Amino acid sequence: MVRKIWNHFEEYLLVGSLAFSVALVFLQVVMRYVFQQSLSWSEELARYLFLWQIWIGASFAVKERRHLRIEMLLNALRGRSRILGEMAVLLVWFGFSVFLAYKGTELTSILFLRGQVSPAMRIPMGYAYAAVPAGCILMAIRLLEELHDLFRTLASKEEVS
């Protein structure tokens, strides 16, 4: 059960937040055009949800191996050297994700300490900016899973040789 939730974690978050965003924007349209009353906070909330969807979606793309990549060099390699090349790429990407998570956490902490709030909803802006470290941490975990799979593939190829 826990494994199933983890395997589909980003999907659950993305589908749920998308459904909520669509309902929120629909409500805003109805309020504006039918009742001539606008909700002051709905567009801001939809924007912050979209920000979270982007960063959680980046993690989902790692899990599904759907990020854009230039593979010209890796396609020229075969066997063990290709796996090692993939590992090198993933290690650099992992390092960048950890760096972004660290710097994003620093920025989020500063925003919470300063008490900056959003204009319409008056919630701490740190919640919006926390999408960056949260998404990057998830992405780093997914990259580690992919690296683990490559290590196992490399080990199995060496056993066969």
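The values are calculated or read from the model by the stated rules, or taken from the named source; none is laboratory data. Everything quoted here is computed from the prediction, not taken from an experiment. When we count neighbours, we look across all protein chains shown, and the Cβ atoms used for this are built from the backbone with ideal geometry, even at glycine. These area figures cover heavy atoms from the full protein model, side chains too; ligands, DNA and RNA do not enter into them. Shrake-Rupley method; radii C 1.70, N 1.55, O 1.52, S 1.80 Å.
Mind checking the angle between helix 131-160 and the chain's longest principal axis? C-alpha axes, 0 to 90 degrees, to the nearest 10. Helix 131-160 and the main axis of the chain meet at about 20 degrees.
Rolling a 1.4 Å probe over the protein heavy atoms leaves Leu13 with an accessible area of roughly 80 Å². When both region 97-146 and region 1-71 are represented by their alpha-carbon centers, they are found 16 Å apart.
For region 113-161, trypsin sites (Lys or Arg not before Pro) meeting the loop criterion (DSSP other than H, G, I, E, B) and having at most 11 other Cβ atoms within 10 Å: Arg122. Given a Förster radius of 30 Å and the C-beta distance between Tyr127 and Phe26 as r, what FRET efficiency does 1/(1 + (r/R0)^6) yield to the nearest 0.05? Step by step, r from the Cβ atoms, then E = 0.80.
Note on surface exposure: Glu159, Glu146, Glu43 rank Glu159, Glu43, Glu146 by accessible area, highest first, 1.4 Å probe. Taking other residues whose beta carbon is less than 15 angstrom from the beta carbon of Glu159, and scoring Lys, Arg as +1 and Asp, Glu as -1, yields +2.
Once the Cα atoms are used to define both axes, helix 79-114 deviates from the longest principal axis of the chain by about 30 degrees.
Note on Lys4: accessible area is roughly 120 Å² with a 1.4 Å probe, heavy atoms of protein only.
How far is helix 42-63 tilted, in degrees, relative to the longest principal axis of the Cα atoms in the chain, given as a value from 0 to 90 rounded to the nearest 10? That helix lies at roughly 10 degrees to the long axis. What a 1.4 Å probe finds exposed on the chain is 69% carbon and sulfur by accessible area, rounded to a whole percent.
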